[in-house]
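Worksheet: the structure to be examined is printed underneath.
The values are calculated or read from the model by the stated rules, or taken from the named source; none is laboratory data. In this text, all values refer to a predicted model and were calculated from it rather than measured experimentally. Cβ sites come from the backbone with ideal geometry, for glycine too, and all protein chains shown count toward neighbours.
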Amino acid sequence: MTIYEHFRPEEREIIDTVFNWCHYVETYYSPKLTDFLNPRQQFITRSIIGSDRAYKVAFFGGLDSSENKRALIYPDYFTPELDNFQISLFDIAYPEKFAKLTHRQILGSLMGLGLKREKFGDILINHDYAQFFAAKEIAEYIRLHFHSVGKVSVSIKELPLTMAKPFCENWMEMNVTVPSLRIDAVVAQSGKQSRQRVQKWIEQGLVKVNWALIENPAFSVREGDVISVRGLGRFKVMSVEGKTKRDKWRLTVGKLN
């Protein structure tokens with residue numbers, strides 16, 4: 001059995017990328033710092049490297065609780081420190097009384113600068129603050145060019161990582177019963193929607209699993225999968241409990257509040 005058989009076909013690209021990172025460390029015997037990885041990419045990286053190689057991997061995204069993190073793959077002689085992850089924290093100042101910024105607006109404006117999504121970590125936003133993490137190598141570019149979010153003028157200030165404001169995710173768990181583990185069935189039942197509507201959302205590119213766009217309504221979900229539906233929210237398959245006497249699947253699904 002090859003390593004690819006342990007993962008989904010669409011994850012082959014990240015698997016190959018991880019092997020390339022490992023080859024770099026083996027060849028040059030020096031650390032390799034990646035861009036920001038989502039949790040699924042972190043899991044794949046950790047699974048491939050394991051604990052029996054001559055090199056190790058550590059993750060950090062600005063906070064211990066960060067969702068998106070950079071990976072540092074390093075030889076056994078190296079001791080990683082937080083500075084090695086090269087992460088900058090920016091605080092966004094804007095007229096809070098007259099405007100409300102959203103995660104989507106901030107991310108869209110950052111990517112509108114011509115930068116890849118992988119160069120940004122978590123965006124921390126609440127009613128009275130907005131912060132985001134970025135790769136330090138693009139920090140100067142951001143300072144020079146990031147002046148607005150949509151039509152709202154903003155100013156930014158780089159802060160030490162210790163001033164990041166932790167964001168705690170709150171998942172509301174529910175028990176659902178579905179005829180199959182197809183993505184359209186799971187989303188329909190979890191989000192109280194019709195399967196036809198969910199299938200239309202999939203066709204429109206509104207549904208992601210583990211941060212990857214899903215185009216096939218027959219895609220099968222697994223325990224631990226994170227499902228994002230634009231306009232509906234984020235769900236997580238907490239556990240697959242097994243089948244009922246009527247041959248339906250019992251799941252515990254969390255919805256992000």
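Miscellaneous remarks
- Count of the stretch 125-141 residues which are modelled with pLDDT of 95 or more and in contact with a strand residue (DSSP E or B) (Cβ under 6 Å, 6 or more places away or on another chain): 6
- Within the stretch 58-107, the residues that satisfy the criterion of being outside any strand (DSSP E or B), of a type in the set (S, T, N, Q) and crowded, with 21+ Cβ neighbours inside 10 Å are SER66, ASN68.
- Residue check for ILE123: closer than 20 Å to PRO31 by Cβ and among the aliphatic types (A, V, I, L, M): no
- Top-ranked residue in the stretch 108-118 [being in a loop (DSSP other than H, G, I, E, B) and not hydrophobic (A, V, I, L, M, F, W, C); ranked as nearest to the chain's Cα centre (by Cα)]: LYS116
- Within the stretch 1-33, restricting attention to residues that are closer than 21 Å to LYS56 by Cβ, of a type in the set (A, V, I, L, M, F, W, C) and surrounded by fewer than 16 Cβ atoms within 10 Å (Cβ to Cβ), the residue that is modelled with the highest pLDDT is PHE19.
- Residue among ARG53, ARG70, ARG40 that is touching a residue at least 40 places away in the same chain (Cβ under 8 Å), among the charged types (D, E, K, R) and over 20 Å from PRO166 (Cα atoms): ARG40
- Filtered residue count, the stretch 73-88, keeping only those that are among the β-branched types (Val, Ile, Thr) and free of Cβ contacts under 8 Å to residues at least 12 places away in the same chain: 1
- Filter result (in a helix (DSSP H, G or I) and either among the polar types (S, T, N, Q) or surrounded by 14 or more Cβ atoms within 10 Å (Cβ to Cβ) (or both)) within the stretch 146-164: LEU161, THR162
- Every residue from the stretch 198-229 that is closer than 15 Å to ASP184 by Cβ, without any contact (Cβ under 8 Å) to a residue 40 or more places away in the chain and in a loop (DSSP other than H, G, I, E, B): GLN204, GLY205, LEU206, ILE214, GLU215, ASN216, PRO217, ALA218, PHE219, ASP225
- Residue count for the stretch 165-197, restricted to those that are of a type in the set (Ser, Thr, Tyr) and assigned to a helix (DSSP H, G or I): 1
A quick yes/no check of all residues on (1) in a loop (DSSP other than H, G, I, E, B); (2) closer than 30 Å to PHE167 by Cα; (3) in contact (Cβ under 8 Å) with a residue 60 or more places away in the chain; (4) of a type outside the set (S, T, N, Q):
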position	(1), (2), (3), (4)
ILE14	no, yes, no, yes
HIS23	no, no, no, yes
GLU26	no, no, no, yes
SER30	yes, no, no, no
THR45	no, yes, no, no
